1. Whether any residue in region 53-71 is under 17 Å from Pro17 (Cα atoms) and within 15 Å of the chain's Cα centre (by Cα) is what I want to check.
2. Can you tell me which residue among Arg95, Arg120 is out of contact with any Pro (no Cβ under 9 Å at 6 or more places or on another chain), in a loop (DSSP other than H, G, I, E, B) and modelled with pLDDT of 95 or more?
3. Kindly provide the set of residues from region 127-179 that are at pLDDT below 80 and surrounded by 16 or more Cβ atoms within 10 Å (Cβ to Cβ), ordered by number.
4. For region 55-83, name all the residues that are within 15 Å of Trp111 (Cα to Cα) and in contact with a Ser or Thr (Cβ under 9 Å, 6 or more places away or on another chain).
5. Go through the residues of region 84-93 one by one and say whether even a single one is within 19 Å of Ile50 (Cα to Cα) and small (Gly, Ala, Ser).
6. Quick one: Ile140 ticks every box in (1) part of a helix (DSSP H, G or I); (2) among the aliphatic types (A, V, I, L, M); (3) farther than 28 Å from Pro44 by Cβ except a single one, so which number is it?
7. Please work out if Ile93 is crowded, with 20+ Cβ neighbours inside 10 Å, more than 17 Å from Ala42 (Cα to Cα) and not charged (D, E, K, R).
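The values are calculated or read from the model by the stated rules, or taken from the named source; none is laboratory data. This structure is a prediction, so every number in the text was calculated from the model and none was measured. Reconstructed Cβ throughout: ideal geometry from the backbone, glycine too, with neighbour counts over all protein chains shown.
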Amino acid sequence: MIAPLKAGVTLAQPGGPVVETARLKLRQWRNGDIAPYAAMLADPATARFITVDGKPVIDEMTGWRHAVVMAGHWSLHGAGMFAVEEKSSGTFIGRVGPWFPPAWPGFEIGWGIAKEAQGRGYAVEAARASIDWAFATFEIERVIHCIDRENTASQGVARRSEPKRTARSNCSVMSRMSG
């Protein structure tokens, strides 16, 4: 927890794009996202495919570290996964967006939606918006989705989020003319 600020002092506030769809807001990460993100990653079925070790997050510090990685990607690279917020409730429901750590096989758009928000089409809606934002923002010809072969739900999101794609090992590769 950060210490209270002295009167009149402000800290740098991260800026960045906000992408809105009919039901979702893709935005920068904030402190209030840490607990719901940690709760999302505590679900074994969700953690299986999106945590580094495939294991659920079981403590507050590990949840904090996962959230800091998402926010830090923006600081280091100028882009990263957005926090996904349900517009009608203001509730954090997941993450979506660019992910390109060192030695990654390409410019990925990834996603993860909290268990309680799954099955409503949010992943496809968020993925489409993030893909559109990526092609409008970056000089890229394709994005990829690195999806575990056993993650059939995520494979379905990839198929529905962009019609032009090909398969490559365990990554679903999408190509689209930019511009």
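1. Yes: region 53-71 contains one or more residues that are under 17 Å from Pro17 (Cα atoms) and within 15 Å of the chain's Cα centre (by Cα).
2. Arg120
3. Glu162, Arg165, Cys171, Ser172, Val173, Met174, Arg176
4. Those that are within 15 Å of Trp111 (Cα to Cα) and in contact with a Ser or Thr (Cβ under 9 Å, 6 or more places away or on another chain): His66, Ala79, Met81, Phe82.
5. no
6. The failed condition is (1).
7. Criteria not met by Ile93.
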